[in-house]
1. Let me check against my output: what whole-number percent is the relative contact order of the chain, with C-alpha pairs under 8 Å and at least 6 apart?
2. Leaving out ligands, DNA and RNA, and with a 1.4 Å probe, what % of the accessible surface on the chain is carbon or sulfur?
3. Calculate I(q)/I(0) for the stretch 49-145 by the Debye formula, one identical point scatterer on each C-alpha and no solvent, and give its log10 at q = 0.16, 0.19, 0.23 Å⁻¹ to two decimals.
4. Report the extension gain between Phe94 and Ala44 in nm, rounded to one decimal, defined as 0.36 nm multiplied by the number of residues separating them, less their alpha carbon distance.
5. Between Gln77 and Asp23, what FRET efficiency follows from the Cβ-Cβ distance if R0 is 25 Å, with the result rounded to 0.05?
6. Where in the stretch 15-107 are there trypsin sites (Lys or Arg not before Pro) that are in a DSSP coil and have at most 16 other Cβ atoms within 10 angstrom of their Cβ?
7. If you scale each eigenvalue of the Cα gyration tensor by 5 and take the root, what three semi-axes come out for the chain, rounded to whole angstrom and sorted largest first?
8. Residues of the stretch 1-26 with amide nitrogen under 20 Å from the 7 Å Cα-to-Cβ point of Ser61?
Amino acid sequence: MNERLLALYIPAWSAQAANLPLDEVVALCSGGRVQAVTAPARAAGIREQMRLKQARVLCPSLKEKPYSPAEAELAFQPVLEAAGKQLYAPKCWFPGLITAPLSRSQRRAESNLAEKLTEQLAQIGYAVQIGIARGTLAASLAAREQLLIADPGVMPFLSAQPLSSLGFSY
């Protein structure tokens, strides 16, 4: 199953869904581990799945909030529903990442579809990144850079990606 896919990615979804102040050093925590962080927390060296103890050592001013996967999924439903109006059979990999195969007519106007979907979700308050490529991995990574990758460009694009690029923040 190697079809042309659209990937819709919302960076730091869990932080956005929890209404964290995105300009402060804040982490969502569960079970003694960091589950999601804001950009300033990431800049301080705090990463997902890091032990909370270690995060506190790196940044003593870290603010902690409880993380609920169920709440993140529930908050993502409006995004999934809005995407479902434009896309056929969208698949949610985790709150913050959706992929969907493109129909023949959508493949003829990929940039228009990406633009239309971005505007539609912006109107309901979500800043999304969209990528289109052949295959799930390529489309998901393309979304992080907001690229539409032609089929011959997929292998060069993937070969240029560092292994660290596989660690999506969700």
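The values are calculated or read from the model by the stated rules, or taken from the named source; none is laboratory data. These numbers come from a predicted model, not from an experiment. A quick note on method: Cβ atoms are made from the backbone with ideal geometry, for glycine too, and the neighbour counts reach across all protein chains shown. Quick note on the areas: whole protein, heavy atoms, side chains included, nothing else; ligands and nucleic acids left out. Shrake-Rupley method; radii C 1.70, N 1.55, O 1.52, S 1.80 Å.
1. Details: 295 pairs, mean separation 48.7, N = 170.
For the chain, the relative contact order is 29 percent.
2. 54
3. Ignoring solvent entirely, the Cα scatterers give -0.76, -0.95, -1.22.
4. Roughly 15.5 nm would be gained on extension.
5. Efficiency for this residue pair is about 0.40.
6. Arg47
7. Value: 31, 18, 12 Å, ordered largest first.
8. Zone members listed by number: 20-26.
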